Amino acid sequence: MIQQRQHAPAPDAPLSRDEAIASVGPGWARLVANAWDVAHSAGWPVLTCKEKFGRLVIYLRSGDITDTHRVQTVGRAMFDAEEHSAETCEACGAPGVLWNDVTHDAPEPLVGVSHARWVKTLCVPCAWRYYGEGDRGWDDIAGRWCVG
Ligand SMILES: [Zn+2]
């Protein structure tokens with residue numbers, strides 16, 4: 001029997017600040033919070049916040065796009081958050097790089113994304129936990145090694 005979710009959000013329901021932060025790893029919380037604040041102050045709801053190919057991705061419902069200053073302000077904030085995510089450990093917030101798990105035992109920084117599977121941006125200790133030991137929970141990854 002298929003059960004319907006009674007309180008399922010509409011597909012384009014805006015994310016609260018906390019929901020947006022919880023959508024990605026805790027190491028990116030500050031990046032998401034800053035981006036959400038800028039979007040919110042511009043009146044542009046955040047619809048999606050996720051990790052894709054090791055980077056933060058944020059989708060908004062844009063408002064008045066004739067307001068050039070607002071478009072540039074919000075656009076720059078989203079761009080900055082996404083750019084910084086590429087060099088910030090998603091687990092703990094320390095400086096990070098893009099990794100994959102092709103070898104499953106010796107993570108190595110990627111030069112390009114090309115053939116990588118499970119690409120993540122992590123610091124060295126978190127990458128070791130994630131790829132070397134197979135931990136996938138954020139608390140397991142960041143809790144033992146990092147202060148983040
Ligand atoms: Zn880390």
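Less than 5 angstrom separates the built amide H of Thr88 from those of Gly96, all sequence-distant by 5 or more or on a different chain. Computed from Cα atoms alone, the Kirkwood hydrodynamic radius reported for segment 17-85 is 11.8 Å. Annotation: amide H of Val24 has no partner in the under-5 Å range at sequence separation 5 or more or interchain, hydrogens built in the peptide plane. Here the Karplus relation 6.51 cos²θ - 1.76 cosθ + 1.60, evaluated at θ = phi - 60°, turns the backbone of segment 54-66 into coupling constants of x, 10, 6, 10, 10, 10, 10, 9, 6, x, 6, 8, 7 Hz, with x for every Gly and Pro.
Taking K and R as +1 and D and E as -1, what net charge do the other residues with C-beta under 12 Å from the C-beta of Gly43 add up to?
For residues surrounding Gly43, the net value is 0.
For Arg76, the shell of other residues with beta-carbons less than 15 Å away shows a net charge of -4, using +1 for Lys and Arg and -1 for Asp and Glu. Amide H contacts under 5 Å for Thr48: Tyr59, restricted to partners 5 or more places along the chain or on a different chain, H placed in the peptide plane at 1.01 Å from N.
Every number here is computed from the coordinates shown, using simple stated rules; none is lab data. Keep in mind that what you see is a predicted model, and the values were worked out from it rather than measured. So basically every Cβ, Gly included, is an ideal-geometry build from the backbone, and we count neighbours across all protein chains shown.
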